[in-house]
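Colleague: Before anything else, here's the structure in question.
The numbers here are math on the coordinates, done by the rules we state, and not lab data. As the structure is a computational prediction, the values presented were derived from the model and not from experiment. Note that we place each Cβ from the backbone using ideal geometry, even for glycine, and neighbour counts take in every protein chain shown.
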Amino acid sequence: MIAEKIEENGSLSDLYNLAEKVVHKGKETDLGEFIDYSIPGPDKEFLYRFPWSINDNPVGWVEITDKCNIYCKGCYRNRMDGHKSLQDIKTEIDFMKKWRKVDAVYIAGGEPLIHPDIVEIVKYIDSIKLKPTIISNGQALTENMLRDLKTAGLTEISFHVDSGQIRKGWTGKDEVELIQLRQKFADLHHKVGGVKSNFNMTISKRNVEDVPKTVQWVLDNRGKVTGLTIITLRGGMLREGVDFFANGQKVEPSQKDLGYLSNEDISASYLKSHDVFRLLKTHFKDYDAGAYLGGTQSHTSIKWLVGLALCSGNKIVGSVGPAGMELFQSGHHWFKGNYSVGSKAPVGRSVFLLALVDKNVRKVFWKFLLQPWLFFRKFYGVSLAIIQPPDILPNGTIEMCDSCPDLTLYKGELVNSCRLDEVRLYGSLISRIVVKN
């Protein structure tokens with residue numbers, strides 16, 4: 001059992017070392033054991049590309065603190081500034097509404113639930129007719145807090161739970177063991193009611209085999225959990241022959257400076273969105289993706305891959321296709337003036353209206369007609385999203401998400417939240433140059 005008693009303000013080097021032991025304690029999985037690579041990967045020709053842009057994007061990413069009460073392997077946020085003031089946070093929210101035309105404000109950090117004004121922040125977002133969503137590790141959540149957040153207008157909490165975390169009572173647990181923690185959060189949400197609960201997890205070859213079990217847990221908790229976001233591990237190796245530059249000057253970042261950098265070559269553990277797509281198709285044959293965001297460098301890259309699985313009982317029976325995704329986004333923009341990250345209302349049988357335009361939904365409708373007993377099981381939708389963070393390409397450039405939804409405001413400018421620490425430390429994003437020997 002790995003020791004886990006590290007104080008919040010203790011040695012960061014201890015946290016990094018412990019995280020390395022936690023994440024790398026097991027053997028890497030042979031992907032061929034769990035993924036059928038004869039399954040075709042996602043094809044952009046048959047997917048809807050989200051039409052988002054810098055000035056017309058459904059997501060307003062607002063970081064209210066950089067303090068946190070746990071540590072996650074690969075975390076890209078240093079603890080430098082502490083909690084932002086309520087007024088500064090309101091200013092950022094107003095900026096997002098004006099310049100991004102957002103549908104939802106993602107309240108992020110650090111750990112937003114430890115901010116003393118979290119209820120007031122949610123209340124303000126709701127008061128200006130936006131959807132407040134909290135990105136949280138859940139460690140500080142209590143029933144009374146959740147009830148207060150619900151009263152304030154909270155739409156959703158997206159819980160980050162995975163085996164790469166240093167979390168009191170759970171350090172060193174694998175993804176299957178962590179289902180107990182996920183269940184605790186899901187049950188609490190169900191008890192309070194009125195606030196959606198989504199989960200996200202970071203994966204590599206070390207925990208990929210547990211992804212299908214986690215998805216099945218989501219399906220078993222129909223009515224309690226609305227979705228799962230699978231994020232592939234991000235990282236870059238620090239080694240001789242690689243130079244970093246910012247503002248034309250050479251810089252020498254360490255893992256303590258930029259959490260996604262590592263002294264160990266873990267690139268062999270990385271997965272791509274195509275791998276995760278095939279993994280889901282291998283274990284849930286009726287799953288499919290409907291929409292995507294590409295990368296900024298390669299025309300083949302898929303950085304966001306989003307599917308809405310249609311379920312009967314605890315089984316996936318089909319998915320909304322690209323036509324349904326496009327109709328929803330276009331319709332929301334037509335009637336509301338912005339694109340959307342999802343409806344407040346749960347997905348029900350009214351989704352069959354999309355069968356008029358969406359062949360994927362039409363297949364599900366015919367399946368229900370031919371198997372009428374499916375009508376007697378609970379019908380619902382589950383969001384299954386795949387996110388592939390920035391890649392450091394062989395030529396030294398960094399591929400980002402096209403039309404990045406997670407841009408955040410820093411000193412009057414929008415910055416990729418996953419690279420904000422580069423700007424905070426060096427005044428600009430860094431460029432990476434591979435020096436050939």
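Colleague: Once amide H atoms are placed 1.01 Å from N in the peptide plane, what residues at a sequence separation of 5 or more from K196, or on another chain, have their amide H within under 5 Å of its amide H?
Modeller: Close amide H contacts, sequence-distant or interchain: E156, I157.
Colleague: Evaluate the distance, in nm, between pseudo-label points positioned 7 Å from the Cα of K98 and of E33 along their respective Cα→Cβ axes.
Modeller: About 5.5 nm, to one decimal.
Colleague: When only Cα pairs under 8 Å and 6 or more residues apart are kept, what is the percent relative contact order across the range 262-335? Can you show the working numbers first?
Modeller: On the way: 82 pairs, mean separation 18.6, N = 74.
The normalised contact order for the range 262-335 reaches 25 percent.
Colleague: A further question follows. Please report the relative contact order for the chain, taking Cα pairs under 8 Å with a sequence separation of at least 6, and give it as a percent rounded to a whole number. It would help to have the intermediate numbers written out before the result.
Modeller: Details: 862 pairs, mean separation 83.9, N = 437.
Relative CO of the chain lands at 19 percent.
Colleague: What ranking of Y287, Y37 emerges when the number of other C-beta atoms within 10 Å of each C-beta is taken as an exposure proxy, fewest first?
Modeller: Numbers: Y287 22, Y37 12.
So the ranking, lowest neighbour count to highest, is Y37, Y287.
Colleague: What FRET efficiency comes out for the pair K150/W334, r = Cβ-Cβ distance, R0 = 30 Å, nearest 0.05?
Modeller: Working: r = 30 Å, r/R0 = 1.01.
Plugging the Cβ-Cβ distance into 1/(1 + (r/R0)^6) gives 0.50.
Colleague: For the range 119-189, which trypsin sites (Lys or Arg not before Pro) are in a loop by DSSP, counting at most 13 other Cβ atoms within 10 Å?
Modeller: Values: sites: K123, K129, R147, K150, R167, K168, K173, R182, K184; in loops: K129, R167, K168, K173.
Those that pass, being in a loop and sparsely packed, are K129, K168.
Colleague: Against the longest alpha carbon principal axis of the chain, how many degrees, from 0 to 90 and to the nearest 10, is the axis of helix 143-152 turned?
Modeller: Long axis of 143-152 versus the principal axis of the chain: about 70 degrees.
Colleague: Continuing with this model, one more query. Count charges around K84 for me, please; just the other residues with Cβ under 12 Å from its Cβ, Lys/Arg as +1, Asp/Glu as -1.
Modeller: On the way: positive: K67, K90; negative: E63, D66, D81, D88, E92, D117.
So the environment of K84 carries a net charge of -4.
Colleague: By how many degrees, 0 to 90 and rounded to 10, does the Cα axis of helix 179-192 deviate from the longest principal axis of the chain?
Modeller: Value to nearest ten degrees: 60.
Colleague: In nm, to one decimal, how far is the L369 label point from the T397 one, both placed 7 Å along Cα→Cβ?
Modeller: Label at L369, label at T397, 4.9 nm between them.
Colleague: On to the next question. Which loop trypsin sites (Lys or Arg not before Pro) in the range 359-423, with loop taken from DSSP, have no more than 15 other Cβ atoms within 10 angstrom of their Cβ?
Modeller: On the way: sites: K359, R362, K363, K367, R377, K378, K411, R419; in loops: R377, K378, K411.
Sparse-neighbourhood loop trypsin sites (Lys or Arg not before Pro): R377, K378, K411.
Colleague: Starting from a Cα-only point model with no solvent, please compute log10 I(q)/I(0) by Debye for the chain at q = 0.07, 0.09, 0.10 1/Å.
Modeller: -0.33, -0.56, -0.70
Colleague: Next question, about the same structure. How much net charge surrounds V62 when only other residues with a Cβ under 13 Å from its Cβ are counted (Lys, Arg +1; Asp, Glu -1)? Intermediate results must be reported in sequence, preceding the final value.
Modeller: Values: positive: K84, K90, K97, R100, K131; negative: E63, D66, D88, E92, D94, D117, D406.
Summing Lys and Arg as +1 and Asp and Glu as -1 gives -2.
Colleague: So who's got an amide H within less than 5 Å of the one on S312, skipping anything under 5 residues away but keeping other chains? H placed 1.01 Å off N, in plane.
Modeller: It is V317, by chain and number.
Colleague: Where does the charge balance sit around I157 when Lys and Arg score +1, Asp and Glu -1, over other residues with C-beta under 15 Å from its C-beta?
Modeller: Details: positive: K131, R147, K150, R182, K184, K191, K196, K224, K344; negative: E111, D126, E143, D148, E156, D187.
Within the 15 Å Cβ shell, the charges total +3.
Colleague: Assuming R0 = 35 Å, can you tell me the calculated FRET efficiency for the pair E45 and S428, based on Cβ-Cβ distance, to the nearest 0.05?
Modeller: Working: r = 37 Å, r/R0 = 1.05.
So the FRET efficiency works out to roughly 0.45.
Colleague: Additional query: What is the distance, in nm, between label points placed 7 Å from the Cα along the Cα-to-Cβ direction at K191 and at K213?
Modeller: Computed distance between label sites K191 and K213 equals 2.6 nm.
Colleague: While we're on this one: Where both partners of a DSSP beta bridge lie in the chain, what percent of those bridges are antiparallel, to the nearest 5? Could you put the intermediate results ahead of the total?
Modeller: On the way: 34 of 67 bridges.
Looking only at bridges with both residues in the chain, the antiparallel portion is about 50 percent.
Colleague: To continue, here is another question. Helix 86-100: angle to the longest alpha-carbon principal axis of the chain, degrees 0 to 90, nearest 10?
Modeller: Roughly 60 degrees between the two axes.
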